[in-house]
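Enquirer: Pasting a structure below so you can have a look.
The values are calculated or read from the model by the stated rules, or taken from the named source; none is laboratory data. Keep in mind the model is a prediction, meaning the values are calculated, not measured. As a convention, Cβ positions derive from the backbone with ideal geometry for all residues, glycine included, and neighbour counts pool all protein chains shown.
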Amino acid sequence: MSLLVAGVDEVGRGPLAGPVVAAAVILDPARPIVGLADSKALTERRREALNDLILEQALAWAIGRAEVAEIDEINILQASLLAMQRAVVELAHQPEMALIDGNRCPVLSCPARAIVGGDRTEPAISAASIIAKVARDREMTELAILYPEYGFARHKGYPTAVHLKALSDHGVTPIHRRSFGPVRRLLS
């Protein structure tokens, strides 16, 4: 029997608003999913379709997150590692190995290996990248209903010109990361 390997990735390190979201996925070797790639390289429509396939066909998948208050308290790198750790803990089957996108591994109960660019080369990491991005994008689209003047459905909290102008015009919301430069400068 082959090793249970989880792919792990996070999204949302760069935005000024919203949580950082991670996913862990254990793919089923008997049910390969064609077209897995780095979520950023896929169209939204393709990501959505692959997301549904992953959720349906993976042996296990889970989402982990770190909230804005945690990001502000422990910094974005530590919050990203925490979200990844939470995703792995939530898996229905505990992996025997975790492949982490990036250059650092969270503390896990199984061996882990960091792979820079792993979301482009490891199918399980690509799958994690996709479901994390779809989950976070959907959440930011829902938050756009609560805060319509900020344009979250379009930029997902990233520091675009539209978002920076909205911050300047309307101020900081409870979902903004106060430790991030543009937000911190507005508050001081």
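Enquirer: Run LEU186 past the list (1) within 20 Å of ILE71 (Cα to Cα); (2) of a type in the set (A, V, I, L, M); (3) surrounded by fewer than 16 Cβ atoms within 10 Å (Cβ to Cβ); (4) in contact with a Gly (Cβ under 6 Å, 6 or more places away or on another chain) and report the number of the one that doesn't hold.
Expert: (4)
Enquirer: Identify, from the list ARG136, ARG177, the residue that is closer than 22 Å to LEU50 by Cβ and basic (Lys, Arg).
Expert: Details: ARG177 fails: closer than 22 Å to LEU50 by Cβ.
The unique qualifying residue is ARG136.
Enquirer: If I filter the range 90-99 down to residues being touching a helix residue (DSSP H, G or I) at 6+ places or on another chain (Cβ under 8 Å) and in a strand (DSSP E or B), which single residue comes out as surrounded by the most Cβ atoms within 10 Å (Cβ to Cβ)?
Expert: ALA98
Enquirer: Of these, ALA87, ALA114, which one is in a helix (DSSP H, G or I) and either touching a Phe, Trp or Tyr at 6+ places or on another chain (Cβ under 6 Å) or surrounded by 15 or more Cβ atoms within 10 Å (Cβ to Cβ) (or both)?
Expert: Working: ALA114 fails: in a helix (DSSP H, G or I).
None of the other options fit; the residue is ALA87.
Enquirer: Do you know which residues across the range 55-71 are in a helix (DSSP H, G or I) and out of contact with any helix residue (DSSP H, G or I) (no Cβ under 6 Å at 6 or more places or on another chain)?
Expert: If the condition is that a residue be in a helix (DSSP H, G or I) and out of contact with any helix residue (DSSP H, G or I) (no Cβ under 6 Å at 6 or more places or on another chain), then LEU55, GLU56, GLN57, VAL68, ALA69 are the ones that fit.
Enquirer: Separate question: Identify all residues within the range 20-38 that are within 18 Å of GLU48 (Cα to Cα) and part of a loop (DSSP other than H, G, I, E, B); write none if there are none.
Expert: Of everything in the range 20-38, those that are within 18 Å of GLU48 (Cα to Cα) and part of a loop (DSSP other than H, G, I, E, B) turn out to be LEU27, PRO32, ILE33, VAL34, GLY35, LEU36, ALA37, ASP38.
Enquirer: Just a yes or no: is a residue in the range 162-173 on the phi > 0 side of the Ramachandran plot and either not in a loop (DSSP other than H, G, I, E, B) or not hydrophobic (A, V, I, L, M, F, W, C) (or both)? Spell out the reasoning first.
Expert: Of the residues in the range 162-173, the ones on the phi > 0 side of the Ramachandran plot are 171.
Add one more test, that the residue is either not in a loop (DSSP other than H, G, I, E, B) or not hydrophobic (A, V, I, L, M, F, W, C) (or both), and what stays is 171.
The answer is yes, given that some residue of the range 162-173 is on the phi > 0 side of the Ramachandran plot and either not in a loop (DSSP other than H, G, I, E, B) or not hydrophobic (A, V, I, L, M, F, W, C) (or both).
Results for (1) under 30 Å from VAL34 (Cα atoms); (2) in contact with a His (Cβ under 6 Å, 6 or more places away or on another chain); (3) small (Gly, Ala, Ser); (4) crowded, with 20+ Cβ neighbours inside 10 Å, shown as yes or no for each residue.
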site: ASN103; (1), (2), (3), (4): yes, no, no, no
site: VAL107; (1), (2), (3), (4): no, no, no, no
site: GLY118; (1), (2), (3), (4): yes, no, yes, yes
site: THR121; (1), (2), (3), (4): yes, no, no, no
site: ALA153; (1), (2), (3), (4): yes, no, yes, no
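Enquirer: SER126 passes all but one of (1) touching a Leu at 6+ places or on another chain (Cβ under 9 Å); (2) of a type in the set (Ser, Thr, Tyr); (3) surrounded by fewer than 20 Cβ atoms within 10 Å (Cβ to Cβ); which number fails?
Expert: Tallying (1) touching a Leu at 6+ places or on another chain (Cβ under 9 Å); (2) of a type in the set (Ser, Thr, Tyr); (3) surrounded by fewer than 20 Cβ atoms within 10 Å (Cβ to Cβ), SER126 fails exactly one: (3).
Enquirer: Under 9 Å between Cβ atoms, which residue pairs at least 6 apart in sequence (or on different chains) link something in the range 1-22 that is more than 16 Å from ALA69 (Cβ to Cβ) with a partner that is among the small types (Gly, Ala, Ser) and at pLDDT below 95?
Expert: ASP9/SER39; VAL11/SER39
Enquirer: Just to be sure I understand the filter: pairs with C-beta atoms under 9 Å, separated by 6 or more residues or on different chains, first member in the range 58-80 and touching a residue at least 24 places away in the same chain (Cβ under 8 Å) and surrounded by fewer than 17 Cβ atoms within 10 Å (Cβ to Cβ), second member outside any helix (DSSP H, G or I) and aliphatic (A, V, I, L, M). Which pairs pass?
Expert: GLU67/VAL20
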